[in-house]
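Engineer: What follows is a single structure, and I will ask about it in a moment.
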Amino acid sequence: MISILIWILLLSNIVFFATMLINGSPSNLISIRDRGLLYGDGVFRTLRVSNGQALHWSLHYQKLQHDCAAIGIRCPDFAQLSAELEVLLSQNSIGSARTTRDEDTPSPLVGEGWGEGDSERSTLSLTLPHQGGGDWLPESLQPKLEINNCAIKLIVTRGISTRGYAPATQTTSTHIWDVAPLPDYPAAWSTHGIKARLCQLRLSQQPRLAGIKHLNRLENVLAASEWNDTEIAEGLLMDADGNVIEGVRSNLFAVLSGTLTTPSLLGCGVAGIQRDRVISWANTNNVPLEIRTLSWEEVINAEELFIVNSLIGVWPIRELEQRHWKQFAMAHRVQLSLNV
């Protein structure tokens with residue numbers, strides 16, 4: 001199956017590389033009537049490719065499947081998406097993709113809203129051509145780059161429908177793969193911590209969407225537009241009740257009286273796989289853990305703070321408003337244990 005798809009790509013686009021697939025075919029065009037474009041009616045995941053491997057693919061798929069089910073979108077099956085991912089990553093003649101398993105890490109899917117997850121992780125060993133944006137370039141103009149580190153976004157929308165908010169009873173979902181370079185963050189942010197701020201925007205509460213990584217990211221867009229200081233790496237978000245929920249693009253952990261604490265996401269926020277991995281790690285290693293509401297006073301007076309997501313791994317917070325931290329023992333322990 002995978003070999004056939006690869007040959008179709010090679011024969012139909014012999015001098016082009018694709019950094020984007022739409023419904024399994026090389027393209028960067030979607031219908032203007034796609035509900036993902038019109039209403040943000042869809043979900044997405046962002047994977048990191050590190051040292052030639054697309055990390056935690058099976059865990060991302062489980063989250064994707066969960067989120068699609070929560071809003072009633074048909075999720076493409078795992079085999080189909082895995083085949084397309086390997087096609088996308090097998091275009092460079094320097095190398096090819098292969099799926100492997102890492103049996104050493106317990107399932108992280110034990111956070112709020114999740115039961116026991118699959119105990120295995122899928123990774124992809126690959127090399128990639130790189131080109132800017134989502135467009136195609138002739139092979140002669142492409143930089144021959146072996147991509148050991150990049151970002152891959154997978155979007156699933158409800159698909160094309162007639163005008164109006166109410167979805168049709170029968171729709172075919174649209175799924176999009178997009179490959180892009182990793183942001184060039186300073187290495188010191190992982191070791192010596194970041195400067196963060198408290199955002200003015202307050203997250204609205206909607207329990208039906210809480211935890212879901214849906215396409216309605218306007219709150220995050222507005223929050224991220226509150227500052228342009230490049231020294232500030234992240235902003236923290238509170239809900240209307242004054243509880244700290246998450247970062248603009250990350251999940252938050254605090255150490256309070258020796259207990260690792262992360263905000264409850266029952267009302268709003270996004271439950272990322274790195275959050276689940278840290279929760280699983282704490283449970284497995286008997287690290288005291290609480291998942292609950294977290295006030296601003298608790299956060300600003302915490303013994304330690306750090307944020308996580310799939311692209312950055314773990315970043316300690318060294319400065320938040322007028323507070324400074326110098327010791328990041330828990331963050332560094334998590335980094336070493338989870339290899340992030």
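Every read-out reported here was derived from the displayed coordinates using simple, explicitly stated rules and does not represent laboratory data. The model shown is predicted, which means the values in this text are computed figures rather than measured ones. Ideal geometry is used to build each Cβ from the backbone, glycine not excepted, and the neighbour counts take in all protein chains shown.
Engineer: In the range 196-257, what % of DSSP beta bridges are antiparallel (nearest 5)?
Structural biologist: Working: 3 of 8 bridges.
Roughly 40 percent of the DSSP beta bridges within the range 196-257 come out antiparallel.
Engineer: Compare the peptides 79-88, 55-64 by average per-residue count of other Cβ atoms within 10 angstrom and give them in order, highest first. Intermediate results must be reported in sequence, preceding the final value.
Structural biologist: On the way: 79-88: 20.1, 55-64: 22.8.
Descending mean neighbour count gives 55-64, 79-88.
Engineer: Still on this model: With each label point set 7 Å from Cα along the Cα-Cβ vector, what nm distance links Gln205 and Ala329?
Structural biologist: Each label point is offset 7 Å from its Cα along the Cβ direction, giving 3.5 nm.
Engineer: Something else about it: Apply the Karplus parameterisation 6.51 cos²θ - 1.76 cosθ + 1.60, with θ equal to phi minus 60°, to every residue of the range 199-210 and state each ³J(HN,Hα) to the nearest whole Hz, in sequence, with x for glycine and proline.
Structural biologist: Each residue's phi maps through the Karplus curve to give 7, 6, 4, 10, 6, 7, 9, 8, x, 5, 9, 4 Hz.
Engineer: If Lys and Arg each add +1 and Asp and Glu each add -1, what is the summed charge of the other residues whose beta carbon sits under 13 Å from the beta carbon of Leu88?
Structural biologist: Details: positive: Lys153; negative: Glu84, Glu86, Asp178.
Taking every Cβ under 13 Å from that of Leu88, the sum is -2.
Engineer: Ranked from highest to lowest mean number of other Cβ atoms within 10 Å per residue, what is the order of the peptides 273-283, 224-234?
Structural biologist: Result, highest mean first: 273-283, 224-234.
Engineer: Specify, per residue and in Å³, the volume enclosed by the convex hull of the alpha carbon atoms belonging to the range 294-340.
Structural biologist: Taking only Cα atoms, the range 294-340 has a hull volume of 81 Å³ per residue.
Engineer: Given 0.36 nm per residue, what is the gain on full extension from Thr284 to Ala79 after removing their alpha carbon distance, in nm?
Structural biologist: Length gained, Thr284 through Ala79: 70.8 nm.
Engineer: Please work out whether the range 242-299 counts as rounded, prolate or oblate from its C-alpha gyration tensor, where a ≥ b ≥ c are the square roots of the eigenvalues and a/c under 1.5 means rounded, while otherwise a/b larger than b/c means prolate and anything else oblate?
Structural biologist: Details: a/c = 2.08, a/b = 1.22, b/c = 1.71.
Oblate, since a/c reaches 1.5 and b/c is not below a/b.
Engineer: Still on this model: Mind checking the alpha-carbon convex hull of the range 233-340 and giving the volume per residue in Å³? Write down the numbers at each step before the final one.
Structural biologist: Values: hull volume 10.2 nm³, N = 108.
In the range 233-340, the Cα convex hull volume per residue is 94 Å³.
Engineer: Provide the FRET efficiency to the nearest 0.05 for the Ser25-Asp241 pair, computing r from the beta carbons and using R0 = 41 Å. Show your work: numbers first, answer last.
Structural biologist: On the way: r = 46 Å, r/R0 = 1.12.
Calculated transfer efficiency: 0.35.
Engineer: At 0.36 nm per residue, minus the direct Cα-Cα distance, what do Ile300 and Leu218 gain on full extension? Give it in nm, one decimal, please. Numbers along the way, then the final one.
Structural biologist: Details: separation 82, 0.36 × 82 = 29.52 nm, distance 2.62 nm.
The Ile300-Leu218 span can extend by a further 26.9 nm.
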